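A.B. asks: Here it is, the structure, as structure tokens.
The values are calculated or read from the model by the stated rules, or taken from the named source; none is laboratory data. In this text the structure is predicted, and so the values were computed from the model without any measurement. Positions of Cβ are generated from backbone atoms using ideal geometry, with glycine treated the same way; all protein chains shown enter the neighbour counts. Only protein heavy atoms, including side chains, enter the accessible area calculation; ligands, DNA and RNA are left aside. Shrake-Rupley method; radii C 1.70, N 1.55, O 1.52, S 1.80 Å.
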Amino acid sequence: MKYVTLILLFALLGCKSVQPIHNQNVEDAITKNALQLLEDKRFHSVSIAVLKDGTSTIKHFGELTIGKGNKPNDSTLYELASVTKTFTGYIAAKAVLDQKIHLEDDIRIYLDEPYPNLAFKGEPITIKHLITHTSGFPNFPIKSENKKAFLEGLKLINIETKPGEVYSYSNTAPELTAYILEKVYQKPFEELVIEFVLKPNSMNQTKFTLNENDRTRLVKGYNDKNELMPNFNRTLWGGISGLHSTTTDLVKYMKLQLDKSNPIVNESHTKLYKEGSDFWEGYHWYIIENDHQLIYRHHGGIYGMQNWFVIYPKHNIGISILTNTSFHETGEILEKVVDQLYDDINGN
């Protein structure tokens with residue numbers, strides 16, 4: 001009986017040790033990669049969140065203000081920049097499932113004026129072209145001081161390639177998508193994000209509009225010359241940028257994106273346009289799939305901060321990395337950190 005008791009005791013101890021070791025491995029991997037990143041003195045702070053098999057690990061490093069030693073924390077608000085586009089994509093996917101819009105719709109059926117210029121030799125621009133960066137729209141809106149000006153600026157666009165054939169990143173197209181979503185749901189785009197994404201997933205710290213308390217938690221970022229940069233001032237719908245969030249809320253967003261039972265998530269991950277041998281565009285997700293991996297990801301970059309948000313559905317992993325620095329090579333550097341962190345977590 002004594003031997004049986006000892007065997008059971010060792011078995012129980014063994015079971016209890018599995019989870020802490022798993023968490024420690026993730027923590028060690030995060031710490032190693034964050035400290036290596038901060039050896040580059042152009043970086044000042046970094047926050048990393050990892051979700052693996054339903055367990056989250058969040059760690060913060062560095063300082064938000066040069067010389068102050070004020071480390072970021074779970075309440076720190078970062079600008080998501082273009083990662084906001086994935087929220088636009090999610091609502092567009094919901095609108096398709098709700099049959100509010102169709103991927104092959106000519107976008108002009110949702111506009112109040114004719115816009116004969118928004119076509120190429122009679123070929124219309126469709127919803128699908130807007131959300132896959134194949135519309136032929138310019139990167140930045142011709143006019144962006146307000147919504148009325150934006151719609152006036154659309155009249156000045158000259159489409160020079162057949163829609164759907166050439167990938168060209170556009171910040172103009174997602175704003176028009178947000179306008180169309182407002183129109184079909186008869187609600188402001190900000191309300192659609194709250195109703196369809198934030199509230200159902202208890203993302204209470206993710207928001208477009210900040211109150212006074214929020215602004216005290218908002219990161220002020222730097223360029224590579226250590227100059228303080230301004231925060232983004234949203235003048236349009238918010239289809240391209242404008243959301244702020246915390247690491248804890250981004251973990252909730254990872255859980256949503258890993259939920260294979262959610263039909264909207266599944267639709268938003270649909271491969272809509274093939275750009276390379278293993279590279280596709282989804283509903284504002286960049287999708288990489290080959291024999292070894294499946295990845296959904298998006299980068300966000302604004303004046304003083306950058307981030308990568310990456311989902312690995314086959315391994316039930318999500319990674320978010322945020323920093324209060326923005327310069328030309330930041331995105332490429334952070335991408336390498338994410339890749340190495342993923343390899344370290346998986347023991348590659």
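A.B. asks: Being part of a helix (DSSP H, G or I) and acidic (D, E): is that true of E195 here?
C.D. replies: Considered against the rule, which asks whether it is part of a helix (DSSP H, G or I) and acidic (D, E), E195 comes out as yes.
A.B. asks: Here is a list: K68, K100. Which entry is farther than 29 Å from L322 by Cα, over 23 Å from the mean Cα position of the chain (by Cα) and not in a helix (DSSP H, G or I)?
C.D. replies: Result of the check over K68, K100: K100.
A.B. asks: Quickly run through the range 117-152 and pick out the residues that are touching a residue at least 60 places away in the same chain (Cβ under 8 Å), in a loop (DSSP other than H, G, I, E, B) and farther than 16 Å from K85 by Cα.
C.D. replies: Passing the criteria: S144, E145, N146.
A.B. asks: Scan the range 26-65 for residues that are part of a loop (DSSP other than H, G, I, E, B), touching a residue at least 24 places away in the same chain (Cβ under 8 Å) and closer than 15 Å to Y222 by Cβ and jot them down.
C.D. replies: D40, R42, F43, H44, L64, T65
A.B. asks: From the set of residues in the range 302-322 that are within 14 Å of the chain's Cα centre (by Cα) and β-branched (V, I, T), which is most open to solvent (accessible area, probe 1.4 Å)?
C.D. replies: Among residues in the range 302-322 that are within 14 Å of the chain's Cα centre (by Cα) and β-branched (V, I, T), the one most open to solvent (accessible area, probe 1.4 Å) is I302.
A.B. asks: Return the residues of the range 271-294 that are surrounded by fewer than 17 Cβ atoms within 10 Å (Cβ to Cβ), touching a helix residue (DSSP H, G or I) at 6+ places or on another chain (Cβ under 9 Å) and farther than 12 Å from P313 by Cβ; say none if nothing qualifies.
C.D. replies: Of everything in the range 271-294, nothing turns out to be surrounded by fewer than 17 Cβ atoms within 10 Å (Cβ to Cβ), touching a helix residue (DSSP H, G or I) at 6+ places or on another chain (Cβ under 9 Å) and farther than 12 Å from P313 by Cβ.
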